[in-house]
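Accompanying notes for the structure given below.
The values are calculated or read from the model by the stated rules, or taken from the named source; none is laboratory data. Owing to the predicted nature of the structure, the values given are computational and were not obtained by experimental measurement. Every residue, glycine among them, receives a Cβ derived from its backbone with ideal geometry; neighbour counts consider all protein chains shown.
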Amino acid sequence: MNDTPGWASPGSAPSDDQRPGAQEPADGPAPAEPADQPTAPGAKWSQEQPAPGQWSTPVGPGQTPPPPPAPNWGAPPQGGGWGGPGGQHGPAGHGGWGTPWGGPPPAAKPGVIPLRPLGVGEILDGAVSTMRTYWRTVLGISLTVAVLMEIVTVLLQGLVLNDTTGTDGLGDPDATLEEATRALGDALLGTGVLFVITLIGTVAVTALLTAVTSRAVLGKPVTAKEAWRDARPQVLRLLGLLVLLPLIAFGILAVGTLPGILVGVAGSPPVGAVLGFLGFLGAGVVAIWLMVRFSLASPALMLEKQGIKKALTRSTKLVSGSWWRVFGIQLLAALIANIVAMVIVIPFALIALVVSGDGFSGFLTGDSDFGWTYLIVTGIGSVIGSMITFPITAGVTVLLYIDQRIRREALDLDLARAAGVQNYGTTAGS
């Protein structure tokens, strides 16, 4: 199977023994005429005519003869036939007249991406086009999930975490071991609660936007209700997958730093610190490598209706041989999403500092009490940022998964049939 399916030049180059327009008789060469048969008028002239390339058009008195034709005039260009490599010829739109020399026919594009292997810009553009074309569904889903996440976060921080947790002991050099331990526990508790909220919201938005993006590739609109109907059977498995992946990464980091911790506890803190740092770096490289290999497991689980283990295996297979490409595209998408989020969130955070209590001076000294005003204003900024960044990150992951399957498994043929593209793969090949 071709590694880049999706189109192929139709036709074939003419053979060396036959040029366009010259056809062999069906029954072979004509038999020689009998010797005693009278010669037809003009036969002697045809036998004595100049060799090809030497004959010139007769001209009248006072006329300038035209220049002789170029060598091999009338033959197809070297490297192929009319219209491009491989002897492409035929009507416009099928690699023939009206198309650039050597250019393939345009790929079918029933939805937000053309049905062929995609470039980095096309993947990013496809994610943005999905958000722009189906903005009611995409932004409606993102806004709903982001609002629910922020409401729960603000209520927990304002009613529970601010009163029951404190991290002052972490920055106090005079704090006792018990105070520092308690502050660390409170910080981990607050981080864990926020992580759970973020995880649930990520599961919901990933499941719904995966369904929307997969329909957008086919050019078929989908409502939020239809997206939920398609995604609902896989939501619990997706939750398990998104819990498992951070646990795998955390476990790798813990194993890498454990020898340094043990050496430090045994009585050699400097050696333990160095060993722990080196172990953390090595484990971090392994964790990143593994997370990229598993990065397409989410769309594989949702779109192929797979279990968690099978989805991880499918992602590993699709990423194999393209690790750096997958890593680079996802890193670029993450950078773009984070920059957009920062541009939106930072002004709201500055406004919240100005309108809440002690302002910048309290923030710099650490004495500011972040009350309800601060939480609500920053929450509004987070909602707007999430509403825009959710579709970008989810869309890029889904389109990258589809692109890898087009490259490896000719998924474009199935997508064309599902989109109702007529005669796809018959004239263009695959």
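With LEU290, LEU332 as the choices, which residue is under 15 Å from the mean Cα position of the chain (by Cα) and not polar (S, T, N, Q)?
Values: LEU290 fails: under 15 Å from the mean Cα position of the chain (by Cα).
Going through LEU290, LEU332 in turn, the sole match is LEU332.
Going by the structure shown, is ARG232 closer than 21 Å to ALA207 by Cα, among the charged types (D, E, K, R) and within 23 Å of the chain's Cα centre (by Cα)? I'd like the intermediate steps shown before the answer.
On the way: closer than 21 Å to ALA207 by Cα: yes; among the charged types (D, E, K, R): yes; within 23 Å of the chain's Cα centre (by Cα): no.
No, not satisfied.
Across segment 408-428, which residue is modelled with the lowest pLDDT among those that are assigned to a loop (DSSP other than H, G, I, E, B) and surrounded by 13 or more Cβ atoms within 10 Å (Cβ to Cβ)?
Of all residues in segment 408-428, those assigned to a loop (DSSP other than H, G, I, E, B) come to 410, 420-428.
Retained after the next criterion (residues that are surrounded by 13 or more Cβ atoms within 10 Å (Cβ to Cβ)): 410, 421, 424-425, 427-428.
Details: ALA410: 90, VAL421: 85, TYR424: 75, GLY425: 66, THR427: 50, ALA428: 44.
The qualifying residue modelled with the lowest pLDDT is ALA428.
Which condition number in (1) modelled with pLDDT of 95 or more; (2) not in a helix (DSSP H, G or I) is the one that PRO114 fails?
Just one mismatch for PRO114, condition (1).
List the pairs whose first member sits in segment 227-244 and is of a type in the set (D, E, K, R), whose second member is surrounded by fewer than 16 Cβ atoms within 10 Å (Cβ to Cβ) and outside any helix (DSSP H, G or I), and whose Cβ atoms are under 7 Å apart, counting only residues at least 6 apart or on separate chains?
Pairs that qualify, where the first residue is of a type in the set (D, E, K, R) and the partner is surrounded by fewer than 16 Cβ atoms within 10 Å (Cβ to Cβ) and outside any helix (DSSP H, G or I), are ARG237/GLY307.
Considering only residues that are more than 15 Å from VAL343 (Cα to Cα) and hydroxyl-bearing (Ser, Thr, Tyr), look in segment 364-393 and name the one that is modelled with the highest pLDDT.
Ranking the candidates gives THR393 first.
Taking the condition touching a helix residue (DSSP H, G or I) at 6+ places or on another chain (Cβ under 8 Å) and either modelled with pLDDT of 90 or more or not in a helix (DSSP H, G or I) (or both), does VAL138 pass? It would help to see each step written out before you state the result.
Numbers: touching a helix residue (DSSP H, G or I) at 6+ places or on another chain (Cβ under 8 Å): yes; either modelled with pLDDT of 90 or more or not in a helix (DSSP H, G or I) (or both): yes.
Here the answer is yes, as VAL138 does meet what is asked.
Would you check if there is a residue in segment 173-192 being modelled with pLDDT of 75 or more and over 17 Å from the mean Cα position of the chain (by Cα)?
yes
Say whether the condition of being surrounded by fewer than 18 Cβ atoms within 10 Å (Cβ to Cβ), hydrophobic (A, V, I, L, M, F, W, C) and touching a residue at least 12 places away in the same chain (Cβ under 8 Å) is met by at least one residue in segment 295-303.
Going residue by residue through segment 295-303, those that are surrounded by fewer than 18 Cβ atoms within 10 Å (Cβ to Cβ) are none.
So far as segment 295-303 goes, no, none of its residues is surrounded by fewer than 18 Cβ atoms within 10 Å (Cβ to Cβ), hydrophobic (A, V, I, L, M, F, W, C) and touching a residue at least 12 places away in the same chain (Cβ under 8 Å).
So which residues in segment 376-399 are closer than 20 Å to LEU331 by Cα and in contact with a Pro (Cβ under 8 Å, 6 or more places away or on another chain)?
Scanning segment 376-399 gives THR397, VAL398.
Restricting the search to segment 201-225, which residues are assigned to a helix (DSSP H, G or I) and surrounded by fewer than 16 Cβ atoms within 10 Å (Cβ to Cβ)? Lay out the reasoning, then the answer.
Filtering segment 201-225 down to residues assigned to a helix (DSSP H, G or I) leaves 201-217, 224-225.
Scanning segment 201-225 gives a single hit, LYS225.
Given LEU312, LEU275, which one is in a helix (DSSP H, G or I) and over 23 Å from the mean Cα position of the chain (by Cα)? Walk me through how you get there before you give the answer.
Values: LEU312 fails: over 23 Å from the mean Cα position of the chain (by Cα).
When all the criteria are applied, what remains is LEU275.
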